[in-house]
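Data first, discussion second: the structure below is written as structure tokens.
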Amino acid sequence: MGCPTSASGLAKYLWQLAEQKRLEQVYHYSDLGVASWYDFAVAIQGIAFEKGLLDKKIPIQLIPGNAYPTPVKRPVFSLLYKKQNGNAENWKEALKTVITELLNEAGYLQSSDYI
């Protein structure tokens, strides 16, 4: 478990930090909320279906982490402690914004479809 984070949200946070006169600690940032890779995949499919990129939804299987072996040891729950996150938004809203912006740039959406 963790939290998907948009590059745009991170960049905004970094600009906020850059504008401060003094930094005195280690800062962590991620969008708000908690998600597994399964949650992330389901959300991507849901947005793609909503935007008309998919004709139908397909089953997405939840698999345990140990079913996908990797040489890197990963924590089961890797959510960052976030005391202050500026104007962070929920990862689902950030994901919808990112997908919508990408589709708009690629010419898939009309301006009326934009969030």
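The values are calculated or read from the model by the stated rules, or taken from the named source; none is laboratory data. As the structure is a prediction and not an experimental result, all values here were calculated from the model. Here the Cβ is made from the backbone with ideal geometry for all residues, glycine too, and neighbour counts use every protein chain on show.
Structure data summary
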{"item": "The listed residue being of a type in the set (A, V, I, L, M), loosely packed, with under 13 Cβ neighbours inside 10 Å and modelled with pLDDT under 95, out of L54, L62, L109, L79", "result": "L62"}
{"item": "Spans of helices (runs of 4 or more DSSP H) in the range 1-113 with at least 1 residues under 13 Å from the mean Cα position of the chain (by Cα) and among the β-branched types (V, I, T)", "result": "37-50, 91-105"}
{"item": "Only one of W91, W37 that is aromatic (F, W, Y) and closer than 16 Å to G9 by Cβ", "result": "W91"}
